[in-house]
Amino acid sequence: MSRSQYTGFVYECEAKEMVKLTGDWVDVATTAQEVGQYVHSWNAGKQKEFQENHPNMFTKANTLKADYLVANTMIDCLQNDPFAMSYLEGEKERILTAEMYGAPWKIMMNVHSIPSRRMVDLMTTRSIIGKVWDEAVHGYVSFIELAKAPIKAAIYAEVERLAMGRAAEDWSEFMVVAVSKEKYPDKAVFNMTNPTRIAAELATFEANMPRIIALKAGLEAPRRCEKCNYCRSTKVLSQVIQYSVG
Ligand SMILES: [Zn+2]
């Protein structure tokens with residue numbers, strides 16, 4: 001299990017998550033997502049590898065094409081801020097695994113700092129202060145909630161605790177270093193460490209995991225959300241919708 005699988009199953013679409021697992025569906029990254037991925041490759045020290053794997057983003061001279069140039073501005077914005085950079089110090093892209101709620105889990109931390117017992121997630125977003133509509137909760141939420149970062153914080157805190165062999169509820173800090181994709185990027189460091197919320201999210205996992213395990217074992221049929229790109233692409237009409245004003 002991974003965090004993206006978990007949020008895919010629980011908050012997006014079971015049918016799509018299953019075809020992603022079998023390799024029959026791959027989401028193509030948008031320009032904005034590729035910008036975020038490039039900033040992550042900078043943090044990981046893997047810009048060269050990224051350039052080789054994303055030739056569509058680069059000119060023949062290996063500079064970013066116009067649509068992606070904001071990525072360089074975002075990197076400069078972080079690089080010129082010693083406070084933000086101090087939170088990006090540590091082991092990069094570290095993978096840890098643990099058995100949790102009946103399934104093996106794998107996490108990859110953008111930064112793991114063992115001396116300060118801290119995990120850091122680098123997040124790129126359209127805006128740090130703007131609120132975004134979340135259809136699932138029928139309300140405007142921060143980019144942190146929209147990206148399900150508190151759920152990620154809980155999964156990472158628990159897997160890291162188990163992998164490092166610490167006692168129950170002895171969780172490390174979970175921080176977010178955020179940078180926006182605006183022409184003049186905004187930046188912030190958030191402390192997501194919140195034992196009450198971690199405990200609440202872990203209780204939700206425990207409740208959700210039996211269904212996910214059954215789905216992955218083929219014992220339950222996945223539900224279609226009928227809203228996502230996969231459901232739209234496989235939709236077969238069989239009835240007329242009675243239109244009424246409103
Ligand atoms: Zn769907």
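Numbers below:
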{"read-out": "Residues of region 1-48 satisfying the condition of being within 30 Å of Asn80 (Cβ to Cβ), in contact with a helix residue (DSSP H, G or I) (Cβ under 9 Å, 6 or more places away or on another chain) and among the hydroxyl-bearing types (Ser, Thr, Tyr)", "value": "Thr31, Tyr38, Ser41"}
{"read-out": "Residues of region 73-101 satisfying the condition of being under 15 Å from Ala44 (Cα atoms) and part of a strand (DSSP E or B)", "value": "Glu91, Lys92, Glu93, Arg94, Ile95"}
{"read-out": "Out of Tyr140, Tyr243, Tyr184, sole residue that is over 18 Å from the mean Cα position of the chain (by Cα), over 27 Å from Lys106 (Cβ atoms) and in a strand (DSSP E or B)", "value": "Tyr140"}
{"read-out": "Residue within region 196-216 that is without any contact (Cβ under 8 Å) to a residue 12 or more places away in the chain and assigned to a loop (DSSP other than H, G, I, E, B) present", "value": "no"}
{"read-out": "Criterion violated by His40 - all others in (1) under 23 Å from His112 (Cα atoms); (2) in contact with a Phe, Trp or Tyr (Cβ under 6 Å, 6 or more places away or on another chain) satisfied", "value": "(2)"}
{"read-out": "Every pair of residues 6+ apart whose Cβ atoms lie under 9 Å, when the first sits in region 63-91 and is over 12 Å from Val189 (Cα atoms) while the second is surrounded by fewer than 18 Cβ atoms within 10 Å (Cβ to Cβ) and of a type in the set (Val, Ile, Thr)", "value": "Lys65/Thr59; Asp67/Thr31; Tyr68/Thr31; Leu69/Thr63; Asn72/Thr63; Gly90/Ile114; Glu91/Ile114"}
{"read-out": "Region 121-137 residues that are without any contact (Cβ under 8 Å) to a residue 40 or more places away in the chain and more than 8 Å from Val179 (Cα to Cα), paired with ones that are among the charged types (D, E, K, R) and surrounded by 15 or more Cβ atoms within 10 Å (Cβ to Cβ) (beta carbon under 9 Å, 6 or more apart)", "value": "Val132/Glu145; Asp134/Glu145; Val137/Glu145"}
{"read-out": "Criterion violated by Arg166 - all others in (1) touching a residue at least 24 places away in the same chain (Cβ under 8 Å); (2) away from the ligand (no atom under 16 Å from the Cβ); (3) surrounded by 13 or more Cβ atoms within 10 Å (Cβ to Cβ); (4) part of a loop (DSSP other than H, G, I, E, B) satisfied", "value": "(1)"}
{"read-out": "Selection from region 1-26 of residues that are charged (D, E, K, R) and either outside any loop (DSSP other than H, G, I, E, B) or under 14 Å from the mean Cα position of the chain (by Cα) (or both)", "value": "Arg3, Glu12, Glu14, Lys16, Glu17, Lys20"}
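Residue by residue, here is whether (1) surrounded by fewer than 15 Cβ atoms within 10 Å (Cβ to Cβ); (2) closer than 24 Å to Ser86 by Cβ; (3) more than 16 Å from the ligand (Cβ to nearest atom) holds:
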| residue | (1), (2), (3) |
| --- | --- |
| Val179 | no, yes, yes |
| Tyr184 | yes, yes, yes |
| Thr204 | yes, no, yes |
| Pro210 | yes, no, yes |
| Leu215 | no, no, no |
| Pro222 | no, no, no |
| Glu226 | yes, no, no |
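The numbers here are math on the coordinates, done by the rules we state, and not lab data. Note that the structure is predicted; figures quoted are calculated from it, not measured. For neighbour counting, all protein chains shown are included, and Cβ atoms are generated from backbone atoms with ideal geometry for every residue, glycine included.
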